[in-house]
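What follows is a set of notes on a single structure, which appears directly below.
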Amino acid sequence: MSAAANPDRQDVLVELGVEEIPAGVAPKMLDALADALVAHLAEAGLPHGAVTTLGTPRRLTVHIAGAVAAQADRELEILGPPARVAFDAEGKPTRAAEGFCKGQGVGVDALYRVATDKGEYAAMRRFEAGRSLRELLGEALPAIIRGLPSPKRMRWGRERDAFIRPLQWIVALVGDRVVECRFADVQSGRDSRGHRFYGEATGVGPVALEGEVVTLLRADLELYRHLMRAAHVMVDPIERRAAVVEGARAQAVAAGGELVPDEDNADVCTWLVEWPTSLLGSIDPALLRIPDAVTQTTLRENQKLFTVRGHDGRLLPRFIATTNTLHPGSEAIIAAGNARVVTARMADAAFFYDADRRGPLADFLPKLAGRTFLEGMGSTLDKVARVQALTGHLAAALAPATASVAARAAALCKADLVTQMVFEFPELQGVIGEDYALASGESAEVAAALREHYLPRGASDDLPQGDAGALVGLADRLDTIAATFGLGLVPTGSNDPYALRRAALGVLRVLQGRGWTADLGDMLAMAVAGLPEGAATTTPEVLLSTLQDFFRGRLRSWLVDADAVGGGHAADTAEAVLEAGFGDVPAVFERAEALSRFRESDEFAALAAGFKRIANLAKKASAEDLAAVVDAARFEKDA
């Protein structure tokens, strides 16, 4: 039975209308709004159906299907003071009983005695009427809105309440009734807004459209989607993202090429528009002489544009823009405006590129001496020296055949940080290093290692293809983690400004991915030993122990993460495996896989029961008792 047909269950629709929220923040706020509403319903004891999140830069919308419309009435037994305190020797209520009854709003004749585990107490019964979903949401919504996470908040008018952007409207409906609430100067209602610039939609179903106002008469999900679409608002982010990508792909085909995939740019564009439309623009072909990565970064970072690749694999002098409004005849104007900005940005990039390549990449190394790595841990040039030394040690243990290539790559690994190009586009570090190294006459292996030592950048990123890049990447991350921990800059909670958890995961992924079995503890000890003498705020022994605990925690998180390759193990399986040691990272995953498989067998239950019994008996025995009954000479294997 639908919520509309069942008065005991009602759909809920909450839409917060705001001025445009930054693309990187809106999805997180939307998820937080849904979580807060669901948590409130759970706390109130109101079951519900499916939860749907919808949103655009101008609205955060949550729909909850079939929520119970009111709490059930209940009768509560309220315990008062102990009976010996509440009643005198003659059984009459005392002052303590009278005070309790006054506080509960009843007469003393309502008291009775009740036996509990702690003895006999005075008690009373109180009827508590269930509250309606509308009433509960009305009380909760202002606090929920106030508590949504945002990097910065602003106030408007004379209001004391703050939000990420000025709030423009609040739609709050349970069924066909408005949830009464107020935040800042905005009163809740049933009026939403359509697209800021499109206003052609006219009456569709039970709705009144006046300009951009869309009046919602009930909290119906499909009706909401339909009415918003009629008002040129695509409220589903998944649908909107697909429209962004398909529109760009169609324009790329029309230009005679194919779209260069850019998942991050598609995510950003999705949260910049409410009604995505794609258009094609042109670039001066002479500007494409710079590397493709520079062109793509320039277009993406500055204008959120997509690029087009020809069938020969080279970039075409075209770009694709995603726009929020597109009226007949406006395509040329918008494309020309984007082209002017693109031309200026790419001309700057070409100037930086030419200037940087006037000398070899190694010429930039002395400039690293003027760049502080971490206060107390020397310059970036000092860090490079530590990375070189650590790379040499790692190469000897893990890949001796690559030692010379890795040594040269380690020496040059940070040289591109002080180029004009990377100063302008930090995300090109490594990519520019590879290009400049090749232009300087370095070998292809060394050049590739300069790019690959930054891999993986995240949990799902590619691993280095060559041993040299993997070795330098390990040394770089291990030094960074050891130096940062040495200064006491340890990640706490969600606070990890130096991305040390990601760096540690990168170390573990490289060791696991390449099957390198050298001891992680030895690598950490070498990284600690390489730090400047006296720079750490603790002893080397304490620092090493802290680092080992940190890596153990990262390994445990990986092992239990169901979405991670090699993860998905039970928490106690992970603990058991790590308790046996974690220096050999690939072996950790092999043991976890073997133990998880064994746990599914019939033999495991019997073995576990037997071991538990032996362990319990052993607790009661002394070392001498055990020595008397255990004959080690009869063991067949070291284990």
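The values are calculated or read from the model by the stated rules, or taken from the named source; none is laboratory data. Since we're looking at a predicted model, the values are computed, not measured. Quick reminder, even Gly has a Cβ in these numbers, built from the backbone with ideal geometry, and neighbours come from all protein chains shown. Side chains included, ligands, DNA and RNA excluded: accessible areas come from the protein's heavy atoms. Shrake-Rupley method; radii C 1.70, N 1.55, O 1.52, S 1.80 Å.
A few comments on the model shown:
- Mean-position separation - Cα centroids, the stretch 122-163 and the stretch 498-531, in angstrom: 47 Å
- Extent along the principal axes, Cα only, for the stretch 482-639: 53, 40, 29 Å, with the longest axis given first.
- Atom-type composition of the exposed protein surface of the stretch 517-575 places 51 percent of the accessible area on carbon and sulfur (1.4 angstrom probe).
- Here is the tail figure for the stretch 396-497: Cα pairs spaced more than 18 Å apart come to 52 percent of all pairs.
- Rounded to the nearest 10 square angstrom, residue 612 shows an accessible area of 130 square angstrom against a 1.4 Å probe.
- Counting only heavy atoms of the protein chains and using a 1.4 Å probe, residue 181 has close to 10 Å² of accessible surface.
- Relative contact order %, the chain, counting alpha carbon pairs below 8 Å whose residues are six or more apart: 8 percent
- Taken over the alpha carbons of the stretch 346-395 as equal point scatterers, the Debye sum produces base-10 log I(q)/I(0) values at 0.17, 0.18, 0.22 Å⁻¹ of -0.69, -0.73, -0.84.
- Here residue 383 is the anchor, and the aspartates and glutamates within straight C-alpha reach of less than 14 Å, apart from those fewer than 8 places off in the same chain, are 375, 476, 479, 533.
- Mean separation of Cα contacts under 8 Å (6+ apart) over length of the stretch 385-468, as relative contact order %: 26 percent
- Dimensions (Å) - the stretch 69-172, Cα atoms, principal axes, largest first: 67, 28, 26
- A straight Cα-to-Cα reach below 18 Å connects residue 118 with the aspartates and glutamates 77, residues fewer than 8 places away in its own chain not being considered.
- Which of 154, 377 is most accessible, then next, and so on - probe 1.4 Å: 154, 377
- Take each peptide in 79-92, 552-565, count the other Cβ atoms within 10 Å of every residue, and average; sorted highest first, the result is 552-565, 79-92.
- For residue 569, the residues 5 or more places off, or on other chains, whose built amide H falls under 5 Å of its own are 560, 561.
- What the chain shows is 50 Å² of accessible area per residue, with the surface traced by a 1.4 Å probe over protein heavy atoms.
- Dipole axis of the chain (+1 Lys, Arg; -1 Asp, Glu on Cβ), positive-most option in 319, 259, 37: 37
- The phi torsions of the stretch 183-197, fed into the Karplus equation with coefficients 6.51, -1.76 and 1.60 and a -60° offset, translate into couplings of 10, 6, 9, 10, 9, 5, x, 10, 9, 9, 10, x, 4, 4, 10 Hz, rounded to whole numbers, with Gly and Pro shown as x.
- Based on the Kirkwood approach, the hydrodynamic radius assigned to the stretch 455-506 is 11.7 Å, with every pair of different Cα atoms included.
- Within the accessible area of the stretch 443-488 (1.4 Å probe), percent carbon and sulfur: 47 percent
- Expressed as a whole percent, the proportion of Cα-Cα pairs in the chain lying more than 48 Å apart is 39%.
- Compactness ratio for the stretch 215-258: Cα radius of gyration over 2.2 N^0.38 Å (N = residue count) comes to 1.60.
- For peptides 117-127, 398-408, 94-104, 380-390, sequence by mean Cβ density within 10 Å, most packed first: 380-390, 398-408, 94-104, 117-127
- Helix-only [θ]222 nm of the chain, DSSP H runs n ≥ 4, -39500 (n - 2.57) each, per residue, nearest 500: -14500 deg cm²/dmol
- Here the convex hull built on the C-alpha positions of the stretch 211-288 has a volume of 124 cubic angstrom per residue.
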